Structure formats: structure tokens, C-alpha cells
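Here's the structure, in C-alpha cells; my notes come after.
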Amino acid sequence: MMKAILLGASGQLGREWQRIINRDYSDEIALLSYTSSDLDITHYQEVSDEFRDQKPDVVINCAAFTDVDGAEDHKKLARKVNMEAPLYLAELSQQLEFKLVHYSTDYVFPGTKLNKREFPEGYPEDHPADPVNWYGKTKWEGEQAIRQTAENHLIIRVSWLCGQFGSNFVKTMIRLAQERDELQVVNDQWGSPAFAENVVRNCLTLLENGHRGTYHITSDGLITWYDLAREIFDQASMDVEIEPVDSDAFPTKAERPYFSKLCTHKIDEISGIEIIDWKEGLRKLLNRL
């Protein structure tokens with residue numbers, strides 16, 4: 001039986017990992033789940049002691065500083081959680097010989113209009129990173145720290161993450177539609193949603209088959225946030241007026257990329273992987289919600 005430690009157990013991905021393993025993999029994977037209050041990844045001695053005690057085969061790091069605007073105000077903390085702690089996990093991976101699974105983001109890329117024309121199917125994994133905000137910069141530094149330190153690693157980049165747990169765009173839109181008759185939604189940022197259940201199931205396939213390296217997991221299609229909102233309301237049969245607007249209508253502290261679609265061709269070639277169409281992923285999610 002594989003022994004796995006899950007870090008960041010209270011987030012969108014962490015809770016989805018627990019749901020799927022408890023339901024479908026309890027005979028194959030012994031999962032130990034830790035929230036940040038159980039085990040803070042920036043408390044290195046505690047992490048080291050726990051790992052040496054438990055002797056995991058795999059460590060799944062879902063812990064991150066994900067507040068994109070907040071990262072601009074809390075630069076030291078964002079870097080500590082997103083770069084320094086993953087570096088330490090990578091060092092432990094080498095010492096204790098476990099596989100490190102780590103999540104990263106579409107925000108490592110610059111997201112220019114030129115890139116949208118160059119890569120209509122999304123950024124390939126090996127495209128040079130050039131983040132436009134501090135969150136993306138710290139996530140890229142974390143990736144690099146792992147690559148340079150741990151041989152046995154999986155880095156999974158996701159974009160526009162949506163799931164049944166935690167807060168995300170889909171749940172926010174449903175809540176707002178219940179409160180208001182009219183909404184404005186950004187129509188000049190392009191990408192595709194990654195659905196938490198699909199992400200976890202594909203990660204399990206990568207683990208089962210011993211894959212290493214960097215992979216993108218998102219859904220098929222290229223849309224704006226406005227397109228996603230419109231489809232949410234159509235599928236949920238919610239009557240709400242939505243107005244497409246430019247990003248300028250919602251000024252944010254951190255700059256957002258214009259284009260952040262991730263290409264999934266690399267992972268698509270692996271047996272057992274399923275990259276779903278964004279409308280199908282949304283349908284499955286809404287059925288769960």
C-alpha cells in the first residue's frame with residue numbers, strides 16, 4: 001500500500017484529494033492529511049520530524065499562498081510559502097526518497113496578446129516563464145527550486161481552478177446570481193478552467209504510472225470569464241443579466257495576464273489521462289453542487 005502525506009488539506013484540491021482517495025482508493029493509498037494548522041509547511045523542523053516519523057512514499061503539496069492581490073502586500077510571506085517551503089520539501093524528498101507532487105499555476109506565464117496568437121491551444125510546458133505579478137513570480141521560483149533539488153517530482157500547473165470545495169469563480173457566480181439581477185463579468189482575459197476532480201484523477205494516473213516532470217492539466221477550449229459565467233447561468237437555468245466588460249472595470253492590485261491557456265498535449269499522450277471539454281467539466285461540477 002502506498003503511503004501518502006497531503007499538505008494543504010483544507011483547500012479546493014486538498015479536499016478533493018481526500019474525497020476521491022477515501023471513496024475510490026482506500027485499499028491502495030493510506031492518506032495522512034494535514035491542514036496548515038495541523039502542519040505548517042514553513043515550520044521546517046516540525047515538517048522534517050513528521051516526515052521522518054511517517055516515512056511517506058509520496059508527499060502531495062496543495063499548500064500555497066494563493067491570494068494574488070494579497071501577495072503584492074505580503075511579499076515575504078508569499079515567497080516563504082510558495083518558494084522557500086517547496087525548496088525545503090524538495091530537499092526532504094531527496095533525503096527521505098519520497099515523490100513530491102506540487103501544484104503550480106498558469107500565472108507563471110506573461111499572458112500577452114502575441115502569445116495568444118502564437119499558442120491558440122495554450123502555453124506548452126517548456127515555454128519561458130515571465131510572470132506579471134508577485135504571486136506568479138513566487139510560484140515560478142518554487143517550481144525552479146523543486147526542479148533543481150528533487151529528482152523524483154511531479155509539478156502540475158492548473159488554471160482557473162474550480163471544484164465543489166472552497167471558493168472559486170463558479171460558486172461565486174452562483175451566489176451573486178442569487179443576490180442580484182445584473183452582473184458585470186470580465187471579457188478580455190482568456191483561458192480555460194481546470195476542474196478539481198479531473199485534476200486529482202489525472203494526477204493519480206500519473207502517480208500510478210511513475211511519471212515525473214512538469215505537466216499541464218486544464219480543460220479543452222479557450223474562453224473568457226464572461227463565456228464561463230454565461231454557461232454557468234445557462235446550465236443552472238438561472239435568470240440573470242450579464243454585461244461583458246474589460247478588466248479596467250475591476251482594478252486590481254496585481255496585474256492579471258490577458259491570456260493564460262495551458263496546452264495539455266504532453267499529458268494527453270499518456271494512457272488513462274482524460275482532458276475534458278470545459279462545458280462537460282462545468283456540467284459535472286454543477287451536478288455536484
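Quick look at the numbers
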quantity: At R0 = 35 Å, FRET efficiency that the Cβ-Cβ distance of E91 and D38 yields, to 0.05; calculated: 0.95
quantity: Selection from I155, I223, V200, by position along the positive dipole direction of region 153-231 (Cβ); calculated: I155
quantity: Interchain or long-range residues, amide H under 5 Å from T214's placed H; calculated: I155
quantity: Nearest-20 debye value, the chain charge dipole, Cβ charges on Lys, Arg, Asp, Glu; calculated: 300 debye
quantity: Two-decimal Rg to Rh for the chain - Kirkwood Rh, Cα set; calculated: 0.96
quantity: Interchain or long-range residues, amide H under 5 Å from A30's placed H; calculated: M2, K3, A4
quantity: Cα-based Kirkwood hydrodynamic radius, region 11-67, one decimal, Å; calculated: 12.5 Å
quantity: Segment D69-D239, extension gain: residue separation times 0.36 nm, minus the distance between their alpha carbons; calculated: 58.1 nm
quantity: Relative contact order (%) - criterion: Cα under 8 Å, at least six apart; region: region 147-267; calculated: 39 percent
quantity: Extension reserve of the E151-T205 stretch, reckoned as 0.36 nm per residue once the Cα distance is removed; calculated: 17.5 nm
quantity: For S104, distant residues with modelled amide H under 5 Å away; calculated: I156, R157, V158
quantity: The chain, helix-only ellipticity at 222 nm - DSSP H runs n ≥ 4, -39,500 (n - 2.57), divided by all residues, nearest 500; calculated: -12000 deg cm²/dmol
quantity: Label-point separation in nm, N287 to M2, each point 7 Å along Cα→Cβ; calculated: 2.5 nm
quantity: Partners for K139 among lysines (Cα-Cα distance below 26 Å; same-chain residues under 8 apart left out); calculated: K75, K76, K80, K99, K113, K116, K171, K253, K261, K266
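Read the figures in this text as sums done on the coordinates, not as results from a lab. Given the structure is predicted, the values throughout are model-derived calculations rather than measurements. Please note: Cβ atoms are built from the backbone with ideal geometry, for glycine as well, and neighbour counts cover all protein chains shown.
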